[in-house]
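**Q** Handing you this structure, nothing more for now.
What follows draws every value from the coordinates through simple rules; no lab data is involved. Bear in mind that the values here come from a model prediction, so they are computed numbers and not experimental data. Positions of Cβ are generated from backbone atoms using ideal geometry, with glycine treated the same way; all protein chains shown enter the neighbour counts.
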Amino acid sequence: MPPQKISKKLFGTNGVRGVVGTSMTPELVLSIAQAFGTMRKGCIGVGRDTRTSGETLKKAAIAGLLATGCDVVDCGILPTPALQYLVREKFEGGVMITASHNPPEYNGIKIIEPDGTEMGDEETVRLEQIHFSRSYSTATWDKVGKETTDTSLYWQYIRAIIGQFPNSIGNGMTVVVDPGSGPACLTTHEILLAMGCRVITINGATDGTFPGRLPEPSPEGLKKLADLVVSSGAAFGVAHDGDADRAVFIDDTGRFVEENAEFALIVRYACQQNPGVVITPVSTGMVVEKVVRSERSDIIYTPVGSIYVARTMRSLIEQGKKVVFGGEGNGGLIYPGHQFCRDGGMTAATMVAILAESKLPLSEMVNKLPPRFIFKEKTAVTGEMKIIEYFKNHYSREVTDQTDGLKIYRGDTWALIRASGTEPIIRIIVDADTETNGKNLLLELKEQLHIAVQEMS
Ligand code: MG
């Protein structure tokens, strides 16, 4: 049984985010940190991405934790998965100041549990209650926490990833790394160098103004990376989002590798080594399921959000299931032999191993995947939950799945209609076996959405 989503007031799918100075302020971070410090005792690791507002908000988080009696290690700038790794190894919790892929004016906060996963829904609802009621357990003068700083701890994370692969497996391979001025400026090139690769870097200096490209690693933002891959004759290019829990790729011909194709290549490698169960949200492309099934493995779907994937992986392992991989179709992939969170550095390293072992160019591996046709639409609406109910009624006689929103199956083609959760919009994804089938189903769903919106108004 996949986990059910619980609605929260403040936290979205990946923590709290807002525009700095309006919806994201030191006061808010201070209060959330005091609430977290009220729930957890011990030593908390605190880190941040490279945003200009990062230092202010990090200090607010540290103040809140110290005030509630927690000790703090300030880990400085590092990728979210690096902090998650450190928390699992040595802390009783973590606070990451990041807005991930959002534009520079945003910042946010992610709360990390002692096992390195992001805080789940039930605990988050408790945290929100303490935050809104301001019922913190403030420490007396002799119980206030102590703060230390160690900004080199991310090397433990780098060494942990290197240790997952045979020595010098990347010998002779050229890779171009685009950390997008984010925290992976400190980590990904070090990982690949240690694996034996020749590494070229673009946007490789930490900079919260993101002068080279936006934190979202979109095909449009990665044109310079693509040019550099082609002109340097590199095996591939890799780019991260603003906190480096995701990685996306440019192949040897300079083409952006669609994230579901990336997932398919990496999950195939994982299942070939170790067949078992793969966990992913209902929004992930069919190419992943096809590859998983062709490797004597099984797939289980969850609601949309990496935390549901990570927690389902953990609970199935506790039940004795052989869970070999997890991830989302956005370049956020989870390696259970390493840790239970999305890890962009680990994804970059795994691509080196895949290419070294297959001896095929990345472009050829992508071309050999089962072809799929994906269409995406988002529409601004009001009353999005009522619209989802309309769709559930309208399609009640068809083969559907209600894990998150409504998924409709038509033979080898499916569509997902769901409310965004953070904005008043309806998202439609169609994943089809042929272009015609995809276009026809999308057209039908847009017509139904139009009727639903008219009925609601
Ligand atoms: Mg991210």
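**Q** So for the range 94-228, averaging the separation of alpha carbon pairs under 8 Å that are six or more residues apart and normalising by length, what relative contact order in percent results? Spell out each step's value before the answer.
**A** Working: 151 pairs, mean separation 30.7, N = 135.
Computed value for the range 94-228: 23 percent relative contact order.
**Q** Can you tell me, using C-alpha contacts under 8 Å and at least 6 residues apart, the relative contact order of the range 295-392 as a whole percent?
**A** Contact order relative to length: 14 percent.
**Q** Okay, moving on. Multiplying the sequence separation of Lys9 and Phe132 by 0.36 nm and subtracting their Cα-Cα distance, what value in nm do you get? The partial results should precede the final answer.
**A** Numbers: separation 123, 0.36 × 123 = 44.28 nm, distance 0.97 nm.
Working it through step by step, the gained length comes to 43.3 nm.
**Q** Then there is this: Run through the range 50-146 and list the chymotrypsin sites (Phe, Trp or Tyr not before Pro) located in a DSSP loop whose Cβ has at most 12 other Cβ atoms within 10 Å.
**A** Taking the range 50-146 and a limit of 12 other Cβ atoms within 10 Å, the loop chymotrypsin sites (Phe, Trp or Tyr not before Pro) found are Trp141.
**Q** Need one word for the chain: rounded, prolate or oblate. Basis is the Cα gyration tensor (sqrt eigenvalues a ≥ b ≥ c); a/c below 1.5 gives rounded, then a/b vs b/c decides.
**A** Taking the square roots of the gyration eigenvalues as a ≥ b ≥ c, the chain is oblate.
**Q** Quickly work out the Glu55-to-Trp141 label distance, labels modelled 7 Å from Cα along the C-beta direction, and quote it in nm with one decimal.
**A** 3.1
**Q** Let me ask something else about it. Taking the Cα-to-Cβ direction at Asn393 and at Glu377 and moving 7 Å from each Cα, how far apart do the two end points lie in nm?
**A** About 2.1 nm separates the two model spin labels.
**Q** Roughly how many whole Å is it from the C-alpha centroid of the range 336-375 to that of the range 154-205?
**A** Result: 16 Å between the Cα centres.
**Q** Something else now. So which aspartates and glutamates can Lys146 reach, going by Cα to Cα under 17 Å and dropping same-chain residues fewer than 8 places off?
**A** Cross-link targets: Asp71, Asp74, Glu92.
**Q** To the nearest 0.05, what FRET efficiency results for Gln164 and Glu89 with a Förster distance of 25 Å applied to their C-beta separation? Walk me through the numbers before you get to the answer.
**A** Working: r = 15 Å, r/R0 = 0.60.
Efficiency for this residue pair is about 0.95.
**Q** Also, quick follow-up: According to a simple spin-label model (label point 7 Å from Cα along Cα-to-Cβ), what is the distance in nm between Glu455 and Glu318?
**A** Placing both labels 7 Å along Cα→Cβ, they lie 4.0 nm apart.
**Q** Using the scaling law 2.2 N^0.38 Å as the reference, what is the normalised Cα Rg of the range 93-172?
**A** That ratio works out to 1.59.
**Q** Would you mind checking Lys5/Lys58; Lys368/Lys407; Lys407/Lys446; Lys9/Lys321 for any pair whose Cα atoms are more than 25 angstrom apart?
**A** Result: Lys5/Lys58; Lys368/Lys407; Lys9/Lys321 exceed 25 Å.
**Q** So how much slack lies between Thr149 and Asn440, counting 0.36 nm per residue of separation and subtracting their Cα-Cα distance, in nm?
**A** Here the answer is 99.0 nm.
**Q** Obtain the radius of gyration and the Kirkwood radius of the range 46-131 from its C-alpha atoms and give Rg over Rh.
**A** Working: Rg = 12.4 Å, Rh = 13.1 Å.
With Rg and the Kirkwood Rh in hand, the quotient comes to 0.94.
**Q** Now for a separate question. Give the peptides 439-446, 450-457, 220-227 in descending order of average Cβ contacts within 10 Å, highest first.
**A** Most protected by this proxy first, the peptides run 220-227, 439-446, 450-457.
**Q** If I take R0 = 22 Å and measure r between the Cβ atoms of Lys223 and Ser363 in this structure, what FRET efficiency does the formula 1/(1 + (r/R0)^6) give, to the nearest 0.05?
**A** 0.80
**Q** Could you order the peptides 116-124, 235-243 from most to least packed, using the average number of other C-beta atoms within 10 Å per residue?
**A** 235-243, 116-124
**Q** In percent, what relative contact order does the chain have, based on Cα pairs under 8 Å that are 6 or more apart in sequence?
**A** Contact order relative to length: 13 percent.
**Q** May I pose another question? Would you calculate a helix-derived [θ] at 222 nm for the chain, using -39,500 (n - 2.57) for each DSSP H run of n ≥ 4 and dividing by the full residue count, to the nearest 500?
**A** -11500 deg cm²/dmol
**Q** Grab the beta carbon distance between Arg296 and Thr253, set R0 = 45 Å, and tell me the FRET efficiency rounded to 0.05. Each step should come with its number before you reach the end.
**A** Numbers: r = 31 Å, r/R0 = 0.70.
Approximately 0.90, to the nearest 0.05.
**Q** Short version: ³J(HN,Hα) in whole Hz for each residue of the range 90-95, in order, from phi by Karplus 6.51 cos²θ - 1.76 cosθ + 1.60 (θ = phi - 60°), x for Gly and Pro, what are they?
**A** For the range 90-95, the Karplus curve yields 9, 10, 9, x, x, 10 Hz.
**Q** Moving on to the next point. Suppose the chain between Val19 and Glu447 were pulled fully straight at 0.36 nm per residue; how much longer would it get relative to their current alpha carbon spacing?
**A** 150.6 nm
**Q** A further question follows. Just order 344-357, 26-39 by mean Cβ neighbour count inside 10 Å, highest at the front, would you?
**A** Top to bottom by mean Cβ count within 10 Å: 344-357, 26-39.
**Q** Report for the range 272-368 the percent antiparallel among DSSP-assigned beta bridges with both residues inside it, nearest 5.
**A** Percentage antiparallel, nearest 5: 25.
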